[in-house]
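Below you'll find the structure, written out as structure tokens, and then a few comments.
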Amino acid sequence: MAKYVDGFVLPVPKKNLPAYRRMAAKAGRVWREHGALAFAECVGDDMKIKGMFSFPSLVKPKPGEAVLFSFIVFKSRAHRDRVNAKVMKDKRLANMTHTKSMPFDVKRMAYGGFKSLVDL
């Protein structure tokens with residue numbers, strides 16, 4: 001069954017990683033409760049591959065920032081739209097949507113929705 005994935009790449013100040021982890025864990029639980037199949041937050045580790053365009057090249061981290069790759073898996077785009085509509089109305093995330101309270105710069109986050117091409 002083909003799936004749909006929302007993907008994110010963003011720089012987060014390393015000093016803010018504990019706050020980001022708490023925020024992401026809370027958000028992940030909400031997404032899963034509303035039907036997301038999977039939710040993952042990953043911190044860059046092996047980011048300098050010779051001859052490859054890197055995630056850091058995409059978000060241009062400043063000194064002291066980590067690069068995160070995050071994704072949420074859904075059954076389909078329509079399923080994603082239904083789940084996200086519920087998540088956006090969930091009061092548990094209301095205080096997270098204010099950009100001043102975010103532990104990262106929302107304007108520097110890259111995002112996209114992806115149709116599954118290979119799903120093993």
(message) I'm trying to understand the selection: among the residues of region 38-62, which are assigned to a loop (DSSP other than H, G, I, E, B), of a type outside the set (D, E, K, R) and more than 14 Å from the chain's Cα centre (by Cα)?
(response) MET47, ILE49, GLY51, MET52, PHE53, SER54, PRO61
(message) Please pick out the residue among LYS14, LYS3, LYS26 that is among the charged types (D, E, K, R) and out of contact with any strand residue (DSSP E or B) (no Cβ under 7 Å at 6 or more places or on another chain).
(response) LYS26
(request) Could you please give the count of residues in region 102-120 that are surrounded by 15 or more Cβ atoms within 10 Å (Cβ to Cβ) and either in a helix (DSSP H, G or I) or in contact with a strand residue (DSSP E or B) (Cβ under 7 Å, 6 or more places away or on another chain) (or both)? (result) 4
(message) Being of a type in the set (A, V, I, L, M, F, W, C) and buried (at least 18 other Cβ atoms within 10 Å of the Cβ) is the filter here; which residues of region 74-101 pass it?
(response) PHE74, VAL83, VAL87
(message) Quick check on region 30-68: of everything there that is more than 30 Å from ALA78 (Cβ to Cβ) and of a type in the set (Lys, Arg), which residue is modelled with the lowest pLDDT?
(response) LYS48
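The values are calculated or read from the model by the stated rules, or taken from the named source; none is laboratory data. The shown structure was predicted, so the numbers you read here are calculated from the model rather than taken from an experiment. Quick reminder, even Gly has a Cβ in these numbers, built from the backbone with ideal geometry, and neighbours come from all protein chains shown.
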